[in-house]
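First the structure, in the form of C-alpha cells, and then the observations on it.
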Amino acid sequence: MSKYVFHAGEATVLAAEGQFTDAMPEILIGRTDGPVGQAFANMMAQTKGHTAMFAIRACNQLVRPATITVPKVTLKDMPNIELFGGVVQSATADAVLDCVIDGIIPKDLVDDLCIISLVWIDPRCATDPNLDKKDMYRTNYEATKLAIKRALNNEPTIDELIANRHTIKHDYDDWS
C-alpha cells in the first residue's frame, strides 16, 4: 500500500465551441494517514472565496474515497458558487466513483485514501446566457477521471517529459 502515499495528476478537457467550460482539475490522491490525508484535514478550514466542499453525488451521498474540491479562482457570487457546488461537485463525485467501478482506484482501498481536487471555473460561465451545464459536467467529469488515472499511473513519466522537452510547449507560450 506504500505506493499510495502521494500521487499528483492533472488533465485538461476543452469545452464545446462557444463555451467557457474548460476543465483543468489538479488532483492529489493518497492515504488518509499520510501527507495527502493531513492536507485534506487542513483544507477543512475555509478561506474566503475558496470554499472547500466534499464531492457528493447527492445529499447524503459522500463519494468514496472521500474527496474535497477547492476552486482555483475566487468565487465572488452565488451563481459561480452554485456551479461549483452543483455541476462541478456532481461531475467530480461521479468521476471518482466511476474510477472505483472501473478499477482505476482499488475498491478495497477507498476508505484508506482521500483525494484533493483543485478545480477551475471560468468566471464567465455564470453570466453566460448560453451556458451549457451538460458540457460543464462533461468536461469536469472527463478531466477528473483522467487526472486520477494519470496520478495513479505517475503520468507523464519523467522519460516522456525529457523526450518531449523541446517539442511540447505550454499552451499559452508566446515568450519562447
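Region 86-147: Rg/Rh from Cα coordinates, Kirkwood Rh?
We get a ratio of 1.05 for region 86-147.
Using the structure shown, list the pairs from 3/145; 76/169; 3/72; 3/134; 3/169; 48/149 with a Cα-Cα distance above 24 Å, or answer none.
Cα-Cα > 24 Å for 76/169; 3/72; 3/134; 3/169; 48/149; rest within.
Take peptides 65-75, 149-159 and line them up by average Cβ neighbours within 10 Å, highest first, as a rough protection proxy.
Descending packing order for the listed peptides: 65-75, 149-159.
When the scattering of the chain is computed by the Debye formula from its Cα atoms alone, each counted once and equally, what is log10 I(q)/I(0) at q = 0.08, 0.09, 0.12, 0.16 Å⁻¹?
For the chain at q = 0.08, 0.09, 0.12, 0.16 Å⁻¹, log10 I(q)/I(0) is -0.25, -0.32, -0.56, -0.96.
Can you find, among 110, 126, 56, the residue sitting farthest towards the positive end of the charge dipole of region 56-144, where Lys and Arg contribute +1 and Asp and Glu -1 at Cβ?
126
Quick check on the chain: of the DSSP beta bridges with both residues there, what percent are antiparallel, nearest 5%?
Around 70 percent antiparallel, to the nearest 5.
Taking the square root of 5 times each eigenvalue of the Cα gyration tensor, what semi-axes in Å does the equivalent ellipsoid of region 26-114 have, largest first?
23, 16, 10
Per the helix-only calculation at 222 nm, which mean residue ellipticity applies to the chain, given -39500 (n - 2.57) for every DSSP H run of n ≥ 4 and division by its residues, nearest 500 deg cm²/dmol?
One gets -9000 deg cm²/dmol as the mean residue ellipticity at 222 nm.
Please compute the length gained on full extension between residue 112 and residue 12, using 0.36 nm multiplied by the number of residues separating them and subtracting their Cα-Cα distance.
33.3 nm
Which value in nm describes the separation of the simple spin-label points at residue 82 and residue 128, placed 7 Å from the Cα toward the beta carbon?
Distance between label points: 1.7 nm.
Between region 109-176 and region 31-52, what is the C-alpha centre distance in whole Å?
Cα centroid to Cα centroid, the span is 20 Å.
Each reported figure results from applying straightforward, stated rules to the coordinates on display, with no laboratory input. Here the structure is a predicted model, which is why all the values come from computation and not from measurement. A quick note on method: Cβ atoms are made from the backbone with ideal geometry, for glycine too, and the neighbour counts reach across all protein chains shown.
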